[in-house]
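Notes follow the structure.
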Amino acid sequence: MKEKIYSKFIIYILLIIVTIIMITPLIWLVTTSFKTKSEIFSQPFNIFPEKLNFNNFTNAWSYAPFSEYYINTIIISFGLLFIQLIMITMAAFAFARIDFPGREFFFILFLTQLMITPQSTIFPNYLTISNLGLLDTKIGVMLPYFASAMGTFMLRQAFREIPISLEDAAKLDGCNVFQMVRHVFIPIARPTLIAFSVISVTYHWNEFLWPLLVTETSRSRTVTVGLTIFAQQAEGGAEWGLLMAATLIVILPLLVTFAIFQKFFVQSFANSGLKG
């Protein structure tokens, strides 16, 4: 018994140490964003500012069109999420519940998308977007990500765990396929859908390389690209307070979103759907 308590104690200590190591950069970012330039380079170094200074946030917001970057990013991230949720729901239902020739083969073929890094398809994707005349447009940023193999896989696993009796009951009640998906499958798989939504929005909110290549003006640039341009203009990166404030402006919505939906995020991986 004592050995078990001792081992748990060691595990908790290690987890606390790892947590401190991982959260320290975030604490430094937040505290630096409220410091004046003299406080940042003061000796001895203080992690916390003497008083909260919001000038870095107001200056960062006024020096770059972050409001336009925010609007672009929201449209791209949540527009993509809306399209992806429709596509992965239909694809997952087909792979989980519809018996058609070659289903397993096509599913494995579909999953090969997970083994292809996005960077390896940038050149052909760029040529396609260019030929379609969609450079420097929001739809051009979104188009390569309409389908999601990971989302389809996650939702298929959740759908496969739903008892067949619920599907039979829905059919007896006269539900067609779309009604059955809407009223039976989606409510049960809601934790998985929320988890995928968090993953999708986080990924596309933070994405940098692809938006950098296909956007040229602020009308379609995302916050990550805008932050990089802002950093280049901030006197060679010497304005650390401004840079930290701008970075916090960019990542704050993601931190709030994850804090709100973390329960569903963990639940989706611990227990997808019902156990039949």
Charges only on Cβ, +1 for Lys and Arg, -1 for Asp and Glu: so what's the dipole of the chain about the Cα centre, in debye to the nearest 20? 640
Could you order peptides 242-250, 255-263 by the average number of other Cβ atoms within 10 Å of their residues, highest first? 242-250, 255-263
Round to the nearest 10 and give me the degree value, 0 to 90, for the angle of helix 223-233's Cα axis relative to the longest principal axis of the chain. 20
When only Cα pairs under 8 Å and 6 or more residues apart are kept, what is the percent relative contact order across the range 1-53? 29
Taking R0 as 45 Å and r as the Cβ-Cβ distance between Glu104 and Phe41, the FRET efficiency 1/(1 + (r/R0)^6), rounded to the nearest 0.05, comes to 0.15
Tell me which of Leu132, Met87, Ile122 sits at the most positive position along the dipole axis of the range 68-161, charges placed on C-beta atoms (Lys, Arg +1; Asp, Glu -1). Met87
From the helices alone, meaning DSSP H stretches of at least four residues, give me the mean residue ellipticity at 222 nm for the chain, per-run term -39500 (n - 2.57), in deg cm²/dmol to the nearest 500. -22000 deg cm²/dmol
From fewest to most C-beta neighbours within 10 Å, the residues Trp210, Trp28 line up as Trp28, Trp210
Take the range 28-141, drop everything but the C-alpha atoms, weight them equally and run the Debye formula without solvent; then report log10 I(q)/I(0) at 0.15, 0.22 Å⁻¹ to two decimals. -0.91, -1.22
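So for Ser220, Ser42, fewest C-beta neighbours within 10 Å to most, what's the order?
Ordered from fewest to most neighbouring Cβ atoms within 10 Å, Ser220, Ser42 come out as Ser42, Ser220.
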Degrees separating the helix 2-33 axis from the principal Cα axis of the chain, which is the longest one: 60
Picking from Ile21, Thr32, Ile5, whose Cα lies most toward the positive end of the charge dipole for the range 1-53 (charges on Cβ: Lys, Arg +1; Asp, Glu -1)? Ile5
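Whole-Å semi-axes of the chain's equivalent ellipsoid, largest first, each the root of 5 times a Cα gyration tensor eigenvalue?
Those come to 41, 29, 16 Å.
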Out of every Cα-Cα pair in the range 1-53, what percent are more than 15 Å apart? 60
Provide Tyr69, Tyr63, Tyr12 in ascending order of the number of other Cβ atoms located within 10 Å of each residue's Cβ, fewest first. Tyr12, Tyr63, Tyr69
Given R₀ = 51 Å, what would the calculated FRET efficiency be for Leu14 paired with Ser62, taking r from the Cβ atoms and rounding to 0.05? 0.70
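Each reported figure results from applying straightforward, stated rules to the coordinates on display, with no laboratory input. Small disclaimer: the values here were computed from a predicted structure and weren't measured. Please note: Cβ atoms are built from the backbone with ideal geometry, for glycine as well, and neighbour counts cover all protein chains shown.
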